[in-house]
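Derivation of every value follows stated rules applied to the coordinates shown; laboratory data play no part. Note that the coordinates shown come from a computational prediction; the quantities given were computed from them, not determined experimentally. Ideal geometry is used to build each Cβ from the backbone, glycine not excepted, and the neighbour counts take in all protein chains shown.
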Amino acid sequence: LVRLRARLARSQNALGKGLLALLSRDHLDEDTWEEIEDTLLGADIGVAPTQELVERLRERVAVLGTRTPEELRTLLRDELLTLVGPDMERAVATEGGVSADGEELPGVVLVVGVNGTGKTTTTGKLARVLVADGRSVVLGAADTFRAAAADQLQTWGERVGARTVRGPEGGDPASVAYDAVKEGISEVADVVLIDTAGRLHTKTGLMDELGKVKRVVEKLGPVGEVLLVLDATTGQNGLVQARVFAEVVDITGIVLTKLDGTAKGGIVVQVQRELGVPVKLVGLGEGADDLAPFEPEAFVDALIG
Ligand code: GDP
């Protein structure tokens, strides 16, 4: 976790350093406030949140009069935290339940998102975290369209000690998802993680398919969590994806991947607002250990440096 924090700080703290330097100028004239705005927009914080933040900073700086570096840091930290960390439940819901006829049900997590965002990798990393926590996990390779996806997931499964349920290539994703949950029930597994396909070019196809996966799985028991995986490096594109997926299924949490490769962590703010759903996990690298819970305070500290 310490290593992850360091990596987060490395990728993100240009923003906070830039803001602090600007706020520390003797004269905060209009040009400086514009530069502050540009800095925030450049980090993908988004137009409305940027305006709100700048307005609050202007008010507070005016009240402050003379500004010590420590006061400025505290002020900026407070205001960023208000934007980044609204009070939301950020734990991934992996608890199972009991069916009407007394059968133990695993927690079911659907992992959705556009191909290439890091869906399969995230599913594997999450399995690893759960197994390390003493939970038994079954993986469902419901991305039956990309030939390599099931192999990739199975490799993760073997590495972390989770069984992978897969179907024939080109088979019905919903039936693989169903089989995976069935397997989870018969093995009395704690959690079933289902990796789905994400081809955005046929939106109706995706809509039908994802909706069906969820409905079919729900015949066996509730889906506790639908995690949308977004690639932080794609900026506004990620928001467009988020909108499309939110029309298809009820997203309950966001995973923001590849934060190690961008200083544009401000997308956290936009996507939480857009969907009204918390960022729950962040990806900070390709390795097995590079998945971390999203902690607003640690994130803001990384921003400020
Ligand atoms: P999928 O098509 O959405 O299932 O995407 P994959 O899981 O196959 O990931 C696509 C690529 O992104 C792979 O090369 C992953 O190693 C890489 N990747 C996934 N998550 C992260 C991350 O948090 N940071 C970095 N740097 N790379 C990542």
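A Cβ distance below 7 Å, combined with a sequence gap of six or more or placement on separate chains, defines the contacts here; from segment 273-297, residues that are more than 16 Å from Glu89 (Cβ to Cβ) and among the charged types (D, E, K, R) reach residues that are within 12 Å of the ligand (Cβ to nearest atom) and assigned to a strand (DSSP E or B) in the pairs Asp290/Gly283.
Elements of the type strands (runs of 3 or more DSSP E) sitting completely within segment 216-305 and holding at least 2 residues that are within 14 Å of the ligand (Cβ to nearest atom) and crowded, with 23+ Cβ neighbours inside 10 Å: these cover 225-231, 253-257, 279-283.
Please specify each residue of segment 130-147 satisfying the condition of being surrounded by fewer than 24 Cβ atoms within 10 Å (Cβ to Cβ) and either part of a loop (DSSP other than H, G, I, E, B) or of a type in the set (Ser, Thr, Tyr) (or both). Across segment 130-147, the qualifying residues are Asp133, Gly134, Arg135, Ser136, Thr144, Phe145, Arg146.
The residues of segment 29-43 that are within 13 Å of Gly16 (Cα to Cα) and touching a Lys or Arg at 6+ places or on another chain (Cβ under 6 Å) amount to a single one, Ala43.
Residues are listed down the side, and each one gets a yes or a no for (1) of a type in the set (A, V, I, L, M); (2) out of contact with any Asp or Glu (no Cβ under 7 Å at 6 or more places or on another chain); (3) within 16 Å of the ligand (Cβ to nearest atom):
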residue	(1), (2), (3)
Glu104	no, yes, no
Gly118	no, no, yes
Gly124	no, yes, yes
Arg135	no, no, no
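Could you count how many residues in segment 43-56 are more than 21 Å from Ala232 (Cβ to Cβ) and either acidic (Asp, Glu) or crowded, with 21+ Cβ neighbours inside 10 Å (or both)? Within segment 43-56, residues that are more than 21 Å from Ala232 (Cβ to Cβ) and either acidic (Asp, Glu) or crowded, with 21+ Cβ neighbours inside 10 Å (or both) number 2.
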